[in-house]
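Structure first, commentary second.
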Amino acid sequence: MDMTILGCSGSLAGPDNAASGYLLRASDGEQILLDIGPGVLARLEVHGRPGDVHMVFSHLHPDHCLDFPSLAVWQRFHPTAASTRRHTLIGPTIAPLHLGRAAADVPEIPDDFSDIFVMTSWQAPAADATPVPFSADSAGTVYPELRIGSTRLYAAPAVHPTESYLMRIEDASGASLVYSGDTAATGHLAAIAAGADVLLCEATWGERDNGSNPPQMHLSGEEAGRAAAEAGVGRLMLTHIPPWGDPEGALRGARRFFDGPVELARPDLVVGVGR
Ligand SMILES: [Zn+2]
Ligand SMILES: [Zn+2]
């Protein structure tokens with residue numbers, strides 16, 4: 001599988017970086033878009049096929065979903081490259097109503113996307129459950145399995161002010177990517193990331209939490225590095241750093257705890273996962 005970073009600016013778009021959006025090409029050829037924040041659709045028009053993507057949401061804060069109504073316009077109305085089949089949409093349970101309102105003509109009547117998407121909700125262990133390392137045994141039992149083509153998707157609970165998920169994606173080649181979405185520190189992150197090829201992990205707070213940040217919200221580079229080390233991932237990629245953030249500090253913090261490869265996500269980067 002490979003991943004093209006369409007945007008990775010934390011909390012909002014930056015001057016030359018869209019907000020969150022990551023395009024996966026699975027080994028079976030399916031395109032799967034993880035989050036679609038402001039500016040992501042424009043980059044998808046460069047790097048992918050907007051009429052032929054499946055949609056996966058970590059959560060529905062604006063910086064992760066606000067280009068979705070425009071994607072729906074493309075899939076429904078593009079004269080030559082509209083959607084020719086219903087794609088899969090996976091997200092929080094609130095996705096149909098929340099996204100429907102974002103695209104509505106009037107707030108009382110949410111748009112209904114069932115003409116272009118089959119909408120499915122994440123299933124995940126309870127937030128207060130003891131984290132269980134991802135393995136052949138826990139896949140499909142502790143972590144309920146969803147499918148897009150031959151790619152398998154699993155989720156665990158994130159710690160964030162809205163319904164949010166950590167996700168693990170494995171394609172038929174065996175390549176595995178874990179994406180944190182937005183989360184504060186939780187044992188579920190290292191658990192679902194166990195042995196993954198790539199951990200794409202937010203590091204919003206820079207090197208370390210300075211103690212004045214809002215609680216239950218985001219991770220620091222140190223916390224991302226600690227999770228990567230505990231999970232034994234192959235590679236750590238730090239993301240979701242806001243335009244005012246400290247990417248070098250995030251790198252420093254992560255490297256203090258994780259001695260494998262660590263790098264910063266950047267727009268237009270294509271990452272080979274599992275190779
Ligand atoms: Zn965010
Ligand atoms: Zn968020």
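The values are calculated or read from the model by the stated rules, or taken from the named source; none is laboratory data. The structure displayed is predicted, hence computed values, not measured ones. Virtual Cβ from ideal backbone geometry, glycine too; neighbours counted across all protein chains shown. The area values use the complete protein model at the heavy-atom level, side chains included, leaving out ligands, DNA and RNA. Shrake-Rupley method; radii C 1.70, N 1.55, O 1.52, S 1.80 Å.
Checking residue 167 against (1) among the hydrophobic types (A, V, I, L, M, F, W, C); (2) within 15 Å of ligand 1 (Cβ to nearest atom); (3) part of a loop (DSSP other than H, G, I, E, B): exactly one of these is not met. Which one?
(3)
Would you check if there is a residue in the range 137-152 being under 21 Å from residue 233 (Cα atoms) and hydrophobic (A, V, I, L, M, F, W, C)?
yes
Within the range 55-93, take every residue that is under 12 Å from residue 117 (Cα atoms) and open to solvent by 10 Å² or more (accessible area, probe 1.4 Å) and give me the one that is nearest to ligand 1 (Cβ to nearest atom).
88
Given the residues 102, 139, which is the only one that is open to solvent by less than 60 Å² (accessible area, probe 1.4 Å), modelled with pLDDT of 95 or more, closer than 27 Å to residue 85 by Cβ and out of contact with any strand residue (DSSP E or B) (no Cβ under 6 Å at 6 or more places or on another chain)?
102
Keeping to the range 40-89, report how many residues are within 16 Å of ligand 2 (Cβ to nearest atom) and either farther than 23 Å from residue 157 by Cβ or at pLDDT below 95 (or both).
The number of residues fulfilling the criteria is 3.
Please work out if residue 203 is in contact with a helix residue (DSSP H, G or I) (Cβ under 8 Å, 6 or more places away or on another chain), within 13 Å of ligand 1 (Cβ to nearest atom) and modelled with pLDDT of 95 or more.
Spelling it out, residue 203 is indeed in contact with a helix residue (DSSP H, G or I) (Cβ under 8 Å, 6 or more places away or on another chain), within 13 Å of ligand 1 (Cβ to nearest atom) and modelled with pLDDT of 95 or more.
Among (1) under 20 Å from residue 149 (Cβ atoms); (2) within 24 Å of the chain's Cα centre (by Cα), there is one condition residue 84 misses while meeting the rest; what is its number?
With respect to (1) under 20 Å from residue 149 (Cβ atoms); (2) within 24 Å of the chain's Cα centre (by Cα), residue 84 is out only on (2).
Within 16 Å of ligand 1 (Cβ to nearest atom) and either buried (at least 22 other Cβ atoms within 10 Å of the Cβ) or of a type in the set (Phe, Trp, Tyr) (or both): does that describe residue 175?
For residue 175, the condition - within 16 Å of ligand 1 (Cβ to nearest atom) and either buried (at least 22 other Cβ atoms within 10 Å of the Cβ) or of a type in the set (Phe, Trp, Tyr) (or both) - is not met.
In this structure, is residue 162 part of a loop (DSSP other than H, G, I, E, B), open to solvent by 10 Å² or more (accessible area, probe 1.4 Å), touching a residue at least 24 places away in the same chain (Cβ under 8 Å) and closer than 23 Å to residue 95 by Cβ?
Against the criterion (part of a loop (DSSP other than H, G, I, E, B), open to solvent by 10 Å² or more (accessible area, probe 1.4 Å), touching a residue at least 24 places away in the same chain (Cβ under 8 Å) and closer than 23 Å to residue 95 by Cβ), residue 162 qualifies.
Restrict the check to the range 191-200 and report whether at least one residue is out of contact with any Asp or Glu (no Cβ under 9 Å at 6 or more places or on another chain), among the aliphatic types (A, V, I, L, M), over 18 Å from residue 95 (Cα atoms) and within 16 Å of ligand 1 (Cβ to nearest atom).
Within the range 191-200, one or more residues are out of contact with any Asp or Glu (no Cβ under 9 Å at 6 or more places or on another chain), among the aliphatic types (A, V, I, L, M), over 18 Å from residue 95 (Cα atoms) and within 16 Å of ligand 1 (Cβ to nearest atom).
Quick grid of which residues meet (1) in contact (Cβ under 8 Å) with a residue 12 or more places away in the chain; (2) in contact with a His (Cβ under 9 Å, 6 or more places away or on another chain):
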position: 123; (1), (2): yes, no
position: 138; (1), (2): no, no
position: 149; (1), (2): yes, yes
position: 155; (1), (2): yes, no
position: 158; (1), (2): yes, yes
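Given the conditions (1) closer than 26 Å to residue 17 by Cα; (2) open to solvent by 40 Å² or more (accessible area, probe 1.4 Å); (3) in contact (Cβ under 8 Å) with a residue 40 or more places away in the chain; (4) in a loop (DSSP other than H, G, I, E, B), which single one is not true for residue 207?
The number of the failed condition is (2).
Show me the strands (runs of 3 or more DSSP E) entirely contained within the range 224-275 in which 1 or more residues are open to solvent by 40 Å² or more (accessible area, probe 1.4 Å) and under 23 Å from residue 12 (Cβ atoms).
So the answer is 262-264.
Restricting attention to the range 1-37, which residues are open to solvent by 40 Å² or more (accessible area, probe 1.4 Å) and more than 20 Å from residue 176 (Cβ to Cβ)?
Selection gives 11, 12, 13, 15, 16.
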